[in-house]
Structure formats: structure tokens, C-alpha cells
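Q: I have a structure here, written as C-alpha cells, and I will follow up with some questions on it.
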């Protein structure tokens, strides 16, 4: 199959997803009954820029793939770095999560930082998986040298 039609289909799908998600991301996610995500008060920063964040989560009733995502900001709350993603098990029990990612666009330093962690499910909706949010937590943390 030619590449151009595949690229066009992928771009259209991405545009539809962005349009569908934009209003949902403007409002903060609220946790369902018995669902939560926490962020540990300390994160690790390796000399090569790799950041490790962790915490706990509880979720239930996922019908599609569920992930724990995390982002970190330091200096500017408007400039966030996505730090990995972990697949979640939504069985109602408390589990640990740990995300690792390398930040290359900005020099991070040990010290104060802000983390947001979110439990997101990709729910099938008319053939297109759309995100639905189970819980979110924001936490000021301390980055320490790994």
C-alpha cells in the first residue's frame, strides 16, 4: 500500500483524537470511588539526565489498556517533561508504579520539582480508543542524585 494514504489516515486519526481529547484535558481528572494515584516525595536524577519517579495507585474496572503517566517540571510550571509510563493493573488493590525517562531538552538539577501522575485508560469508542481518566495527583517533590 502506498505511504501517502497511510500517512493521511494517521494524521486524520490524530486530529480527531486531539479534537476529542482537548475539552476533557482542560478540566482536572477526578478519582472514581476507590481509585487513587500518589507520588513519592523524592525522585531520582542520574548524571545522564535520567529521572525516576514513583508512587502508588489503585484502580478498578478498566475495560481497555490502563497506564500511569507522569510529568515533571522544574523552574517553570508551563514546561513539563513526560517521564515514562507504566501499564496498570486495575484490580482494586494498591500497587507501586515507577516511571523512568531521560530529559535531554533542559538541564535538570537536584532540588525542588513538581510532578503530576495520572491514571489514564484507553477506552474503545466507535473503533477509536479515547482516553478516560481514573485519577490524578500533583506533588511537590525533591530530586536527588541517583
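Values in this text are rule-based calculations from the coordinates and carry no lab data. What you are looking at is a predicted structure, and each value in this text was computed from that prediction instead of being measured. Cβ sites come from the backbone with ideal geometry, for glycine too, and all protein chains shown count toward neighbours.
Q: Residues being surrounded by fewer than 15 Cβ atoms within 10 Å (Cβ to Cβ) and part of a loop (DSSP other than H, G, I, E, B): count how many of those fall in the stretch 65-88.
A: Restricting attention to the stretch 65-88, the residues satisfying the condition of being surrounded by fewer than 15 Cβ atoms within 10 Å (Cβ to Cβ) are 65, 75-79, 82, 87.
Checking which are part of a loop (DSSP other than H, G, I, E, B) leaves us with 65, 75-79.
Looking only at that region, the number is 6.
Q: Oh, and also: With 69, 73 as the choices, which residue is under 16 Å from residue 109 (Cβ atoms), in contact with a strand residue (DSSP E or B) (Cβ under 7 Å, 6 or more places away or on another chain) and without any contact (Cβ under 8 Å) to a residue 60 or more places away in the chain? If you could, list the steps in order and put the result at the bottom.
A: Values: 69 fails: under 16 Å from residue 109 (Cβ atoms).
Sole residue among the options that is under 16 Å from residue 109 (Cβ atoms), in contact with a strand residue (DSSP E or B) (Cβ under 7 Å, 6 or more places away or on another chain) and without any contact (Cβ under 8 Å) to a residue 60 or more places away in the chain: 73.
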